[in-house]
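Chemist: Got a structure here, written out as structure tokens. Questions coming.
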Amino acid sequence: MIKIEIPGAKPLKLTKLVLDFNGTIALDGILIKGVKEGIVSLANHLEIHLLTADTFGTVRQQCNSLPLQIEILKTDDHVKEKAAHLCQLGSEQAVAIGNGANDICMLQEAALGILVVGPEGCFGKAVSSADIVVNSIFAAFGLLENPQRIVATIRS
């Protein structure tokens, strides 16, 4: 669990991390170098879930050895499916990290939504759905490893 006391805001008690795959922790279906280590480190504090449409069909090959649960989306409405999965896990204790159009509701529903502008870019309209916007997955991981960064960013 990651506990964060934020002046002027409701305290966060994060127990789950919900990640998008392509564009967030992977590029063209391949994990970004260094992501495995970040996930392993965060798994000491958070239960990690990976939600993906698996556009390139590589998620299982890339992530089977990681301490996370993989959920390949089944419906044609990925926006609602991701948000529903997050709510089922308990959105009030979840941090969500994504970059795409299908992450908008997930970012909004999470106790903390982090948008990554990575090598694939991000969906412009998703920016206003996130609590924090970062320039890499490593910056997002850094926020969770060093929660005072979150306090400095979202305190009022």
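Chemist: What residue, among those in the stretch 126-156 that are among the hydroxyl-bearing types (S, T, Y) and modelled with pLDDT of 95 or more, is surrounded by the fewest Cβ atoms within 10 Å (Cβ to Cβ)?
Modeler: Checking each candidate, the answer is S128.
Chemist: From the list Q69, Q93, which one is under 17 Å from M1 (Cβ atoms) and at pLDDT 95 or above?
Modeler: Q93
Chemist: Could you tell me whether G34 is in contact with a Lys or Arg (Cβ under 9 Å, 6 or more places away or on another chain) and either in contact (Cβ under 8 Å) with a residue 60 or more places away in the chain or of a type in the set (A, V, I, L, M) (or both)?
Modeler: When the stated conditions are applied, G34 does not pass them.
Chemist: Can you tell me which residue in the stretch 12-40 is nearest to L86 (Cα to Cα), limited to those that are assigned to a loop (DSSP other than H, G, I, E, B) and not aliphatic (A, V, I, L, M)?
Modeler: Among residues in the stretch 12-40 that are assigned to a loop (DSSP other than H, G, I, E, B) and not aliphatic (A, V, I, L, M), the one nearest to L86 (Cα to Cα) is T15.
Chemist: Oh, and also: So, of the residues in the stretch 100-125 that are in contact with an Asp or Glu (Cβ under 6 Å, 6 or more places away or on another chain) and not in a strand (DSSP E or B), which turns out to be surrounded by the most Cβ atoms within 10 Å (Cβ to Cβ)?
Modeler: Ranking the candidates gives D103 first.
Chemist: Tell me which of these K74 doesn't satisfy, since it passes every other one: (1) charged (D, E, K, R); (2) within 23 Å of E120 (Cα to Cα); (3) without any contact (Cβ under 8 Å) to a residue 12 or more places away in the chain.
Modeler: (2)
Chemist: Name the one entry in A101, A96 that is farther than 27 Å from N44 by Cβ, in contact (Cβ under 8 Å) with a residue 24 or more places away in the chain and in contact with a helix residue (DSSP H, G or I) (Cβ under 9 Å, 6 or more places away or on another chain).
Modeler: One residue alone meets the criteria, A101.
Chemist: Pairs please, first residue from the stretch 128-152 and under 12 Å from G113 (Cβ atoms), second anywhere and among the small types (G, A, S), Cβ atoms under 7 Å, 6+ apart in sequence or on different chains.
Modeler: Within 7 Å, the pairs are S129/G113; A130/G113; D131/G113; V134/A140.
Chemist: Pick from the stretch 41-78 the residues that are in a loop (DSSP other than H, G, I, E, B) and acidic (D, E): which of them is surrounded by the fewest Cβ atoms within 10 Å (Cβ to Cβ)?
Modeler: D76
Chemist: Taking the options A152, A83, name whichever one is under 21 Å from A53 (Cβ atoms) and part of a helix (DSSP H, G or I).
Modeler: After ruling out the rest, the residue left standing is A83.
Chemist: Something else: Before we move on, is A9 assigned to a helix (DSSP H, G or I) and among the hydrophobic types (A, V, I, L, M, F, W, C)?
Modeler: no
The values are calculated or read from the model by the stated rules, or taken from the named source; none is laboratory data. All of these numbers come straight from a predicted model, not from anything done at the bench. Don't worry about glycine lacking a Cβ; one is built from the backbone with ideal geometry, like all the others, and counts go over all protein chains shown.
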